[in-house]
Amino acid sequence: MKKFQRLAVAMMAILLAFGTSACGVREQGEEVDENRTQVYVNYYNGGLGNEWLPALKKAFEDKYPHIQIMPLPGKNTMDSGTVLNNFDTYEGDLFFMDYVGSEHLTQFRTKGYSADITKYVRNEKLTPFGEDKTIWDKITPSVKDYYDLDGAVYSLPWYQASYQMIYDIELFESQSFYVDPDGNWNNGSNKSLGQDGVAGTYDDGLPVTQTDFFNLLNRMVEKNVLPLTFYGSGAYYFTSYLTNMFADYEGYNDFMLNYVLEGQDSDLGTVTLEDAYRLKNGQKGKRYILEFAERLMGDADYYSSNTFQTSQDNFTAQDEFLLSVELAKKSSSNKRIAMLVDGPWWEREASATMNDMAGAYKNENYAYGKRAFGIMPMPQADDGSSAEGNTIACTSGRSVIFMNNNSKVKDEAGLFLQFCHSEEGLRIATVASGIMRPYDYEMQEENLNEMTPFGKLVYGHNKSANVVFEELPISKFLQAEGSAYCSYLFTMVSSADTTANIAKYFQPGQAGHTVEAYLAGMAIEQTPWQDAVEEYRFRTEN
């Protein structure tokens, strides 16, 4: 598949000159060595790229030369529904999958497809790799309940990621989009301390409040720079970003209530299962993010006209963002684009475009790992009502690892699984993918030096924040009710827009599309909720 077939028509002529690159193509693989034991690993070859598993393979085989790791990358073939419905056709011993909803994950277990890996995860320490811990000891504590089935383990979390606004550092410097301690625009030579008040962190010189953020956007518009682009025809990207903003506004405790349904909310007071329906549209953070989206989407000068075109997907948005640096030179009607909404994998996903640009424009500064990007902090409320600190919502969660129950080499596969979760393995995967793993580990300076500037920034940003995962302990009621109450995006769904595409909802010129209408449509009716709770309690307590 030619990469640049994904691009908008306006970019086609320029990009076709760059050449083509493969996307998600299944590798032929190496030849089987009859003198070694083979462990086949199916893995999703998408945004994380295909370098991390070969890197783990090489390091592992150096330690255990009698075992041959056989990578089997796939993209469409690794969709959870496809794997579930065609499981007998897969030869893998291990599976690394991108997103597996709780229903599919349960089916993998109940149909006997996924093996009980408790032995390798909870019982055996990582002693062969010099560690006095088990894999279970290293899993981020907040997600353990999701994978704990009465002491047994059938799967593990793979990676963690959240949606952010990513900005072009060179553009911010050349156009003086940073602010100094006195609030004056500058090129980054004298940055303010940012939201956290600490020098040398990711938010230096960047907006603190929502007013600051829109002041920045207005400065961009004044300087003929287009603030933003993203994949807007689908809800996933921007609404995930808003979910992340909602988490940051509410803070870890109050955001968590949407999962556990019991506890103390800073605005609603005591929340019980019977009245937890109030969370859906009663927390102030919902209004906050809707008002932000209304203000941002209501001004077409703030985002690309391609954003909501059906031809624009995440790849096209990435390329539009990257290529704008050169397209703006060719015509005054083309503008530089300052920011992109995407996940941390975007840089590796767009690496072919970066490298093609470096060659086509004879500018190595455009190459992958050379061009620098930053993370825009979530705008805080002007009235100071945002929670202190940073909270990150990993809405790309439920990526999983499991072992094929039919594997004939479970001990060898289990050993490789353990290596992948040793300090060495976790660091190798992080360097090679640019994505963090939801485990307790520390990158060494030598590892960080191998990462791209953006990859290092993502690591530091995640380390400095409270992280909420979709796999967090979920109320048993929510688990029982399933997607009716806790599916992805449900917390943002409204009868005003059942797709939860909040960005598209607030596009200009749509009568009746207001914050009040969207909020009202988010409400859960008290009686049906409490009837469901009563039925649940009867079913589980009697």
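The values are calculated or read from the model by the stated rules, or taken from the named source; none is laboratory data. Remember, it's a predicted structure, so these values are computed and weren't measured experimentally. Counting neighbours? That spans all protein chains shown, and the Cβs are built from the backbone with ideal geometry, glycine included. What goes into the accessible areas is simple: the full protein's heavy atoms, side chains included, and nothing from ligands, DNA or RNA. Shrake-Rupley method; radii C 1.70, N 1.55, O 1.52, S 1.80 Å.
Things worth noting here:
- Cα gyration tensor shape of segment 36-151, rounded if a/c is under 1.5, else prolate or oblate by comparing a/b with b/c: oblate
- Length-normalised contact order for segment 100-176 - Cα pairs under 8 Å, 6+ apart - percent: 26
- Inter-part distance, segment 67-98 to segment 447-473, computed on C-alpha centroids, equals 27 Å.
- From largest to smallest, the equivalent ellipsoid semi-axes obtained for segment 298-372 from the alpha-carbon gyration tensor read 21, 16, 10 Å.
- Computed from backbone phi with θ = phi - 60° and the Karplus coefficients 6.51, -1.76 and 1.60, the 3J(HN,Hα) list for segment 339-355 is 9, 9, 8, 6, x, x, 6, 4, 5, 5, 4, 9, 4, 5, 4, 4, 5 Hz; x is used for glycine and proline.
- Remark: spin-label model distance Asn76-Glu91 equals 2.2 nm, labels positioned 7 Å along the Cα→Cβ axis.
- Cα centroid separation - segment 204-264 against segment 336-415, whole Å: 17
- Between Arg287 and Lys330, the FRET efficiency estimated from the beta carbon spacing at R0 = 35 angstrom works out to 0.25.
- Links that overshoot a 32 Å alpha carbon limit, given the list Lys138/Lys408; Lys223/Lys504; Lys75/Lys223; Lys63/Lys463; Lys75/Lys463; Lys133/Lys191: Lys75/Lys223; Lys133/Lys191
- Accessible surface for the chain, divided over its residues, is 41 Å² per residue with a 1.4 Å probe.
- Between Lys111 and Leu193, the C-beta separation translates, for a Förster distance of 56 Å, into a calculated FRET efficiency of about 0.55.
- Charged side chains reduced to their Cβ positions (Lys and Arg at +1, Asp and Glu at -1) give the chain a dipole of some 1260 debye around its Cα centre.
- The convex hull defined by the C-alpha atoms of the chain has an orientation-averaged projected area of 26.2 nm².
- Farthest towards the positive end of the charge dipole of segment 171-272, among the residues Val225, Ala247, Gly194, is the Cα of Val225, using unit charges on the Cβ of Lys, Arg, Asp and Glu.
- Cα shape, segment 412-542, gyration tensor, a/c 1.5 rule: oblate
- Mean separation of Cα contacts under 8 Å (6+ apart) over length of the chain, as relative contact order %: 23
- For segment 78-95, backbone phi angles converted through the Karplus equation (6.51, -1.76, 1.60; θ = phi - 60°) give residue-by-residue couplings of 9, 5, 4, x, 5, 4, 4, 7, 10, 4, 5, 8, 9, 9, x, 8, 10, 10 Hz, Gly and Pro being listed as x.
- Only beta bridges with both residues in the chain are counted; by DSSP, about 55 percent of them are antiparallel.
- Peptides ranked, highest mean first, by Cβ atoms within 10 Å: ranges 54-67, 88-101, 194-207: 88-101, 194-207, 54-67
- The string of couplings for segment 291-307 from the Karplus curve (6.51, -1.76, 1.60, θ = phi - 60°) is 5, 5, 5, 4, 5, 6, 6, x, 10, 5, 6, 8, 8, 5, 5, 7, 3 Hz, one whole number per residue in order, with x for Gly and Pro.
- Carbon + sulfur, % of accessible area of the chain - ligands and nucleic acids excluded, 1.4 Å: 46
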